[in-house]
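The values are calculated or read from the model by the stated rules, or taken from the named source; none is laboratory data. What you see is a predicted model, and the numbers here were worked out from it, not measured in a lab. Positions of Cβ are generated from backbone atoms using ideal geometry, with glycine treated the same way; all protein chains shown enter the neighbour counts.
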Amino acid sequence: MAAVNDPKYGGLDLIDLEMYVKSSRLAWLGKIFLEDLSPWKAYINYLLEDFGGVFLFSCNYNVKDCKINSTFYRELLQWWADLRIAFSTKPSISYNIIWNNKDIKIDRKTIYYSNYIKAGVSSF
């Protein structure tokens, strides 16, 4: 019996707290992608500076490759990656952004070169 099921199916009709937290944080993520200059974005941009800031969210990254000290943002990155994998209609090979790509490494580290991004080079 699952506690989150409807009582007519043997459940207790409780909220799945883990899914509630994940969905709330992922919904909040949409605000990060807005072009406004909100001061609260400074921290996440600082944390993700070595990975191109919010550009990282469009990459095929592995959270283990990203040294992020914030548990909140590390979990957010993991949940975003999980969501993209779960709902992607493209085969994984189609994630062809070369930067921060978990499948493309030099000396066992993912690569990101901001000068190439500024020049418009992002895929192969």
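Annotations
- In the range 107-124, residue modelled with the lowest pLDDT [restricted to those that are surrounded by fewer than 14 Cβ atoms within 10 Å (Cβ to Cβ) and part of a strand (DSSP E or B)]: S123
- Cβ-Cβ contacts under 7 Å between residues 6 or more apart (or on different chains), taken from a first residue in the range 68-89 that is surrounded by fewer than 16 Cβ atoms within 10 Å (Cβ to Cβ) and of a type in the set (S, T, Y) to a second residue that is modelled with pLDDT of 85 or more and outside any loop (DSSP other than H, G, I, E, B), are listed as S70/L47.
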